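Undergrad: The structure follows.
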Amino acid sequence: MGVVLGIESSCDETAAALVTTDRRIVAQRIASQDEAHAPYGGVVPEIAARAHAERLAPMIEEVMREGGMALHELDAVAATAGPGLIGGVMVGLVTAKALAMAGEVPLLAINHLEGHALSPRLADPELDFPYALLLVSGGHCQVLRVDGVGQYRRLATTIDDALGEAFDKTAKILGLGFPGGPAVEALAREGDPHGVPLPRPLVGSGEPHFSFAGLKSAVLRAKQSGRHVDADIAASFQQAAIDCVIDRLALALDTMAEVPALVVAGGVAANKAMRAALEALAADRGLRYSAPPAALCTDNAAMIAWAGCERLRIGAPADPLDVAARPRWPLDPAAEPVRGAGVKG
Ligand code: KG4
Ligand code: ZN
């Protein structure tokens, strides 16, 4: 059994966690920076980097103390090395390098998306490769076939906005503050999901890609018309987003007939209505369904430590201490760019 220290600092969550190779989260700390960014309606990279630099070291000390571990007793230090806001990524990665050097333990530079992609296996010991993965976060909306650690094939991506981004923009239009996903979900519970006619971009199209920019614009027009209550707009937006995801994902699943499980990960996977729709799709297709608990869906360090554990398990080599932080780092570098995409990571 091994123990890995995980560090996450790629966006606006500062986090540290100790996770064992047999799936135990020994200790973890997470601090969101929502209050610092709220006045700006989005994450400000400089504010984020500074907050990571202030908070990370004491958090690491706390998890090490709580876990009763000394640096040299770790089997590895794993840190997000990208993709993300480069200033924040560098804070976490440089810290990890210093700890790996001081403790003389291996450094593992983790792809943040791989952390999300493997997080369902931390929560679900029975989940084996291969699986179909819907990865929905603030920066991404992708369907991937996951065949093993480091083996990802992208089947679909968004041609414009990410799904979490669409939730955040809807929240902004409705004056719900930042981050928007949980606020939109809460308001949607009070509204009529069919109260406002909204488009379902790309639904029915022959390739399984996603698009949410048109939906966001329609939400803005619905709000400006003054003819709808906000709860109906939120509920109708959420329903349209879910309909898009299910239609597109069903098409992608058609090309993965032999894959036995459907898995969802990333911040938007915390959404209960989305989870219910995905579970129904899985049942419909006779697929095993797996979704990590909400706290493992949004950014956290346990998933980064766990990705490190997975790399130890397959005997993957450690990274050199001069490994670079990467603002962009696709999980499937061979995937073709699609129209409008590639703007973000
Ligand atoms: O994975 P994550 O924490 O960070 C990134 O790597 O991007 O995802 C954050 C995104 C945000 O856009 C946030 O609004 C969205 O996930 N999100 C949600 C919910 N919780 C978080 N979206 C819809 N419903 C939620 N309950
Ligand atoms: Zn994330």
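Undergrad: Taking the convex hull of the alpha carbon atoms in segment 113-254, what volume per residue do you get, in Å³?
TA: Each residue corresponds to 114 Å³ of Cα convex hull volume.
Undergrad: Measuring with a 1.4 Å probe in the full set of protein chains, what accessible area per residue, in whole Å², belongs to the chain? Walk me through the numbers before you get to the answer.
TA: On the way: 14010 Å² over 345 residues.
For the chain, the solvent-accessible area averages 41 Å² per residue.
Undergrad: Have a look at 204, 187, 91 and report the one farthest towards the positive end of the charge dipole of the chain, computed about the Cα centre with Cβ charges (Lys/Arg +1, Asp/Glu -1).
TA: With unit charges placed on the Cβ atoms, the residue in question is 204.
Undergrad: What is the ratio of the Cα radius of gyration of segment 22-87 to 2.2 N^0.38 Å, with N the residue count, to two decimals? Working shown, then result.
TA: Working: Rg = 14.5 Å, N = 66, 2.2 N^0.38 = 10.8 Å.
That works out to 1.34 for segment 22-87.
Undergrad: DSSP loop (so not H, G, I, E, B), at most 16 other Cβ within 10 Å: list which chymotrypsin sites (Phe, Trp or Tyr not before Pro) in segment 209-253 pass both filters.
TA: Qualifying residues, ordered by number: none.
Undergrad: Report the FRET efficiency, 1/(1 + (r/R0)^6), for residue 34 and residue 65, where r is their Cβ-Cβ distance and R0 is 30 Å, rounded to 0.05.
TA: 0.70
Undergrad: In addition: For segment 266-307, what class follows from the C-alpha gyration tensor (a ≥ b ≥ c being the square roots of its eigenvalues): rounded when a/c is under 1.5, otherwise prolate if a/b is larger than b/c, else oblate?
TA: It comes out oblate by the Cα gyration axes.
Undergrad: Given the options 151, 239, 142, state which has the largest fluctuation in a GNM of the chain using a 10 Å cut-off (strictly under) for Cα springs.
TA: Of 151, 239, 142, the Gaussian network model singles out 151 as fluctuating most.
Undergrad: Mind putting a number on the dipole of the chain about its Cα centre? Charges go on the C-beta only, +1 for Lys and Arg and -1 for Asp and Glu, and I need it in Debye to the nearest 20.
TA: 580
Undergrad: Compute the helix-to-body angle for 230-254: its Cα long axis versus the longest principal axis of the chain, expressed 0 to 90° and rounded to tens.
TA: 70
Undergrad: By its C-alpha gyration tensor, with a ≥ b ≥ c as the square roots of the eigenvalues, how is segment 203-345 shaped: rounded for a/c under 1.5, else prolate for a/b larger than b/c, else oblate?
TA: Here segment 203-345 falls in the prolate category.
Undergrad: Sketch the reach of a paramagnetic label on residue 338 as a point 7 Å from Cα along Cα-to-Cβ, and name the residues of segment 246-267 whose backbone nitrogen lies under 13 Å away.
TA: 246-253
Undergrad: Run a plain Debye calculation on segment 73-155 (Cα atoms as equal point scatterers, no solvent) and give log10 I(q)/I(0) at q = 0.16, 0.23 Å⁻¹, rounded to two decimals, same order as the q list.
TA: So the normalised log intensities are -0.72, -1.09.
Undergrad: Can you grab the distance from the C-alpha centre of segment 73-143 to the C-alpha centre of segment 54-70, Å, no decimals?
TA: About 18 Å separates the Cα centre of segment 73-143 from the one of segment 54-70.
Undergrad: Hey, another quick one. Whenever you get a sec, compute what percent of the accessible area on the chain sits on carbon and sulfur atoms (1.4 Å probe).
TA: Using a 1.4 Å probe with all protein chains present, the chain comes out at 54 percent carbon and sulfur.
Undergrad: Take residue 280 and residue 254, extend 7 Å from each Cα along the Cα→Cβ direction, and tell me the distance between the two endpoints in nm.
TA: 2.0
Undergrad: Within the chain, what's the longest stretch lacking GluC sites (Glu not before Pro) that sit in DSSP loops with no more than 11 other Cβ atoms inside 10 Å?
TA: 127-257
Undergrad: Additional query: Could you check how many percent of all C-alpha pairs in segment 270-345 are farther apart than 17 Å?
TA: Within segment 270-345, distances greater than 17 Å cover 71 percent of Cα pairs.
Undergrad: Please work out whether segment 116-196 counts as rounded, prolate or oblate from its C-alpha gyration tensor, where a ≥ b ≥ c are the square roots of the eigenvalues and a/c under 1.5 means rounded, while otherwise a/b larger than b/c means prolate and anything else oblate?
TA: It comes out prolate by the Cα gyration axes.
Undergrad: Same structure again: On a 0 to 90° scale, report how tilted helix 112-123 is relative to the longest principal axis of the chain, with both axes built from alpha carbons and the result rounded to the nearest 10.
TA: Taking the Cα atoms of the chain, the angle to 112-123 is about 90 degrees.
Undergrad: Are there trypsin sites (Lys or Arg not before Pro) in segment 12-98 that DSSP marks as loop and that have at most 16 other Cβ atoms within 10 Å, and which are they?
TA: For trypsin sites (Lys or Arg not before Pro) across segment 12-98 that sit outside H, G, I, E and B with at most 16 neighbouring Cβ atoms in 10 Å, the list reads 23, 24.
Undergrad: Give me the log10 of I(q) over I(0) for segment 34-173 at q = 0.11, 0.17 Å⁻¹, as the Debye formula computes it from C-alpha points; what are the numbers?
TA: -0.55, -1.17
Undergrad: Quick one: order 140, 37 from most to least accessible surface, probe 1.4 Å.
TA: Solvent-accessible surface, decreasing: 140, 37.
Undergrad: Would you work out the charge dipole size for segment 235-345 about its Cα centre, treating the Cβ of every Lys and Arg as +1 and the Cβ of every Asp and Glu as -1, and quote it to the nearest 20 debye?
TA: I would put it at about 200 debye.
Undergrad: Could I ask something else about it? How far is helix 163-173 tilted, in degrees, relative to the longest principal axis of the Cα atoms in the chain, given as a value from 0 to 90 rounded to the nearest 10?
TA: Around 60 degrees separate the two axes.
Undergrad: Considering all alpha-carbon pairs of the chain, what whole percent are spaced by more than 29 angstrom?
TA: In whole percent, the share of Cα-Cα pairs in the chain beyond 29 Å is 37.
Undergrad: Turning to a different aspect of this structure: How large is the dipole of segment 106-185 about the Cα centre if only Lys and Arg carry +1 and Asp and Glu carry -1, each at its Cβ, rounded to the nearest 20 debye?
TA: Result for segment 106-185 is approximately 160 debye, rounded to the nearest 20.
The values are calculated or read from the model by the stated rules, or taken from the named source; none is laboratory data. Since we're looking at a predicted model, the values are computed, not measured. With ideal geometry, Cβ positions are generated from the backbone for all residues, glycine too; neighbour counts draw on all protein chains shown. Accessible surface is based on the protein model in full, side chains and every heavy atom, while ligands, DNA and RNA are left aside. Shrake-Rupley method; radii C 1.70, N 1.55, O 1.52, S 1.80 Å.
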